[in-house]
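Visitor: Quick one: structure below, then a few questions.
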Amino acid sequence: MTDRDVTQTATPAPDHGGGVVISVDAMGGDRGPVAVVAGMAESAAKNPEIRFIVHGDEAELRRLVGRRKALSGRCDIRHAAGVVTMDDKPSQIVRKGDGTSMWSAIESVRTGEAGAAVSCGNTGALMALSMLRLRKLPGVNRPAIACLWPSLNPQGFNIMLDVGADIRADAHDLLQYALMGASYARNGLDVERPRVGLLNVGTEEHKGRAELKQAQDMILAAADAGKFDYVGFVEGGDLPSNRVDVIVTDGFTGNIALKTGEGTAKLVGTLLKDAFANSIMSKFAAVLAMTSLKRLQKRIDPRRVNGGIFLGLNGTVIKSHGSADATGVSAAIKLAFQLAKSGFQDRLAARVAQGAASVASGPQSEAAS
């Protein structure tokens, strides 16, 4: 059974007036509700199917939403007096997070009012509250955060997970990441048979930690049932390549790779600006190359791929960058909308259950125990 085979039994996304409902935490993030509401308006202007449940200070949100014509009649404002700050510890938020905009946004997904939640807030707190309120899918030990990575593939992106949900991952966790990543690639990027690779310090069979070698055997054994191709170990240089569609790693390594990639993209942009501003001739060359430069800027703009999805939970949660502007927030909302409308959550649950069953019945289960 493929992910798309589950379409007939997938629970449809909540429909309010003909639209897909997205729950938004308006108070999280460095730029506050101004940027979040601006991003909602940008999304609403582009997509008439989107509706919102927006959580935060009611008076402030009514004022901000009222200024945006694109949001007229498309927002249900839920008052939440508390705000989860970037400095709050996840353990504290789990105990006293009730009444915050982040908690409220997740609740709308738990109750089925919304098809997905989006927050720019504290990543650790968002994951902790999501696990508390939504719970993990059966068979998932550690949920993962998956991000999109610009690549040379036809779809324009690769998927990498985990990028920060948990710094640890044993062989069974890495297998679950492979199954979830393949499902995401199939439903989010329309890759019919994703190619999955396991990030390592080299592609040779003898390299890497023991759990990576064990995970390689387990992922390879699950490839046919999971409807993906396992390409073996991949290296850091393969992240933006066309050799692989899904890169599997632990959250410690993945988060460092993600932040390094974002920093490199910013560095390339800065160096290009300096190079073209160096002389009259270089400025003239920049004018001639403007179309190509704008195309390059769009390809490496981190705002376009803003939005890491939490995989392995009983609900869809999208984590936007804390510093996201309106463009970044809109990109995260677009991802949430696409996944909610496709019934991705039910397909993912079916894939994880199928993978767990194959592991339990296959020879690899002995190695995992």
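Visitor: Please state, as a whole number in µm²/s, the translational diffusion coefficient that the Stokes-Einstein equation yields for the stretch 40-123 at 25 °C and 0.890 mPa s, with Rh defined as the Kirkwood radius across alpha carbon pairs. Numbers along the way, then the final one.
Guide: Values: Rh = 13.7 Å.
The estimated diffusion coefficient comes to 179 µm²/s.
Visitor: Between their Cα atoms, which of LYS46/LYS227; LYS136/LYS319; LYS266/LYS319; LYS96/LYS136; LYS207/LYS259 are more than 27 Å away from each other? Can you show the working numbers first?
Guide: On the way: LYS46/LYS227 34 Å; LYS136/LYS319 17 Å; LYS266/LYS319 21 Å; LYS96/LYS136 21 Å; LYS207/LYS259 25 Å.
Too far apart for the 27 Å limit: LYS46/LYS227.
Visitor: In whole Å, what are the Cα extents of the chain along the three principal axes, biggest one first?
Guide: Ordered largest first, the chain gives principal extents of 60, 60, 39 Å.
Visitor: Let me ask another. Report the charge-dipole magnitude of the chain in Debye, nearest 20, computed about the Cα centre from +1 at each Lys and Arg Cβ and -1 at each Asp and Glu Cβ.
Guide: Details: 43 positive and 38 negative charges, 246 e Å.
It works out to roughly 1180 debye.
Visitor: Then there's this: For GLY97, enumerate residues with amide H under 5 Å from its amide H, sequence gap 5+ or separate chain, H modeled in the peptide plane.
Guide: Amide H to amide H, under 5 Å and 5 or more residues apart or across chains, GLY97 pairs with nothing.
Visitor: Still on this structure, please answer the following. Given the C-alpha centroids of the stretch 74-105 and the stretch 310-349, what is the distance between them in whole angstrom?
Guide: When both Cα centres are located, 18 Å separates them.
Visitor: Taking 0.36 nm per intervening residue step and subtracting the Cα-Cα distance, what contour gain separates GLU113 from ARG62 on full extension?
Guide: Values: separation 51, 0.36 × 51 = 18.36 nm, distance 2.03 nm.
Result for the pair: 16.3 nm of gain on full extension.
Visitor: Given a 1.4 angstrom probe, I'd like the percentage of the accessible area of the stretch 141-304 that is carbon and sulfur, rounded to a whole number.
Guide: Carbon-and-sulfur percentage of accessible area, whole number: 59.
Visitor: Toward the positive end of the charge dipole of the stretch 141-304, about the Cα centre and with charges on Cβ (Lys, Arg +1; Asp, Glu -1), which of HIS172, GLY236, ALA221 goes farthest?
Guide: In the stretch 141-304, that residue is GLY236.
Visitor: Using a 1.4 angstrom probe, figure out how much accessible area the stretch 84-190 has per residue, in square angstrom, rounded to the nearest whole. Let's see the in-between values first.
Guide: On the way: 3700 Å² over 107 residues.
For the stretch 84-190, the per-residue accessible area is 35 Å².
Visitor: Now for a different question. Quick one: if you stick a label point 7 Å off each Cα along the C-beta vector at ILE280 and ASN242, how many nm between them?
Guide: Modelled inter-label distance: 4.2 nm.
Visitor: On the full set of protein chains, 1.4 Å probe, figure out the accessible area of ARG62 and give it in Å² to the nearest 10.
Guide: Its accessible surface works out to 130 Å², give or take rounding.
Visitor: Given C-alpha coordinates of the stretch 169-227, what is the ratio Rg to Rh with the Kirkwood estimate of Rh?
Guide: 0.99
Visitor: Once you put a point 7 Å from the Cα of LYS266 and another 7 Å from the Cα of LYS89, both along the Cβ direction, what distance in nm separates them?
Guide: Between LYS266 and LYS89, the label points sit 2.8 nm apart.
Visitor: Can you bin the stretch 37-178 into rounded, prolate or oblate? Criterion: square roots of the alpha carbon gyration tensor eigenvalues sorted a ≥ b ≥ c, rounded for a/c under 1.5, prolate for a/b above b/c, oblate for the rest. Present the calculation step by step, with values, prior to reporting the outcome.
Guide: On the way: a/c = 2.22, a/b = 1.34, b/c = 1.66.
Oblate shape, in that a/c is at least 1.5 and b/c is the bigger or equal ratio.
Visitor: Moving to a separate point now. Are there any helices in the chain, counted as whole DSSP H runs, that stretch 20 Å or more along their axis by Cα and score at least 0.0 on average by Kyte-Doolittle, and if so which?
Guide: Working: long enough: 32-46 (22 Å, 0.86); 171-188 (25 Å, -0.11); 210-226 (24 Å, 0.18); 251-276 (38 Å, 0.30); 326-342 (24 Å, 0.83); 344-361 (26 Å, 0.24).
Result, helices passing both filters: 32-46, 210-226, 251-276, 326-342, 344-361.
Visitor: Taking a quarter of the surface of the Cα convex hull of the stretch 141-304, what do you get in nm²?
Guide: 10.3 nm²
The values are calculated or read from the model by the stated rules, or taken from the named source; none is laboratory data. All figures in this text were calculated on a predicted structure; none of them were measured in a lab. No Cβ is skipped: glycine too gets one built from the backbone with ideal geometry, and neighbour counts run over all protein chains shown. We work out accessible area using only protein heavy atoms, side chains counted, and drop any ligands, DNA or RNA first. Shrake-Rupley method; radii C 1.70, N 1.55, O 1.52, S 1.80 Å.
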